[in-house]
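Here's the structure we're looking at; comments come further down.
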Amino acid sequence: MKIIKTIRELRTELALQKEAGKTVGFVPTMGYLHEGHLTLIKNARQENDLVVLSIFVNPIQFGPKEDLAAYPRDFERDCALAECEQVDLLFYPSVKEMYPNPLTVKAAVQQRTDVLCGKSRPGHFDGVATVITKLFNIVMPTRAYFGKKDAQQVAVIEGLIADFNFPIELVAVDTVRETDGLAKSSRNVNLLPLEREQAPILYKSLLAANAAINRGENNPIEITNTIKDMISKDTSGEIDYVEIYSYPQLQPVETVAGRVIIALAVKFTKARLIDNLIIDIDC
């Protein structure tokens, strides 16, 4: 595995590989890798000749009330994990390398951001879209890999690729789960012991909602109430949201039909957990 810290060197290396006809799989991350990231890398490894992993904590996607300095970092550990997964090139730029001057142009995401987690993080997805645009232009991969756990981000990136005509295939990878169904996340370690026992209810409530849909229920209010009732009854968490939208458009639906996302966020004492199901319903 080769660690590269400058855009110029990465472009030079990739040009040589692409001239040789190699396909490139790209996994953009902010580091502190966990099993979800490793699953993205595994998929990229299986489907491409060359795997590029980026680790960059992007300052412009953090809001004024979010602590950039507190974001977890462990580059040595990340390097060891990346090498075990046979990453070919690890791009590890500094903030100065990515943003050498104040931005004169910044992406402004027009849709898919005023719901779910984006509702409470204004400007967040503008920062995500800006850095992903830069990374796509630097790497210009054959395929780019993102996790469905952050389905809103996947929807935004799908729109970005389509709107800006990037010749890149977006690969959305299924959420990695614990044996009891809890979506894997670095935040899970912050759950208190009793909360950890309760947390699988989030996924079980989504499965219960899916079962109701399979029985013929198509009223979004009834379906979200099924989820809310289970979470309120069986956990001590505070519900942030439980919502259903068309996917990937993230528009409200009066009737649950076609492709939809059922998404939730629940606040525990020291952790806020998100989860979702993306399902296709015959009209």
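The values are calculated or read from the model by the stated rules, or taken from the named source; none is laboratory data. Since this is a predicted model, take the numbers as computed values, not measurements. Cβ placement follows ideal geometry from the backbone for every residue including glycine, while neighbour counts extend to all protein chains displayed.
Odds and ends about this structure:
- Leading residue by the ranking (surrounded by the most Cβ atoms within 10 Å (Cβ to Cβ)) among those in region 182-209 that are within 20 Å of the chain's Cα centre (by Cα) and part of a helix (DSSP H, G or I): L202
- Within the set L135, L53, L160, the sole residue that is modelled with pLDDT of 95 or more and touching a His at 6+ places or on another chain (Cβ under 9 Å) turns out to be L53.
- For region 138-153, the set of residues classified as under 14 Å from L277 (Cα atoms) and not acidic (D, E) consists of G147, K148, K149, A151, Q152, listed by residue number.
- For A212, the conditions (1) farther than 25 Å from Q110 by Cβ; (2) under 21 Å from the mean Cα position of the chain (by Cα); (3) not polar (S, T, N, Q) all hold with the exception of (2).
- Within region 89-125, being surrounded by fewer than 20 Cβ atoms within 10 Å (Cβ to Cβ) and either charged (D, E, K, R) or not in a loop (DSSP other than H, G, I, E, B) (or both) holds for V95, K96, E97, M98, K106, D114, C117, K119, S120, R121.
- Residue in region 156-170 that is part of a loop (DSSP other than H, G, I, E, B), touching a strand residue (DSSP E or B) at 6+ places or on another chain (Cβ under 8 Å) and surrounded by fewer than 20 Cβ atoms within 10 Å (Cβ to Cβ) present: yes
- Given (1) closer than 18 Å to A155 by Cα; (2) assigned to a helix (DSSP H, G or I), number of the condition A212 does not satisfy: (1)
- Which listed residue, of L33, L40, L10, is assigned to a loop (DSSP other than H, G, I, E, B), hydrophobic (A, V, I, L, M, F, W, C) and buried (at least 17 other Cβ atoms within 10 Å of the Cβ): L33
- When residues of region 261-277 are limited to those that are more than 14 Å from the chain's Cα centre (by Cα) and at pLDDT 95 or above, the one nearest to N210 (Cα to Cα): I262
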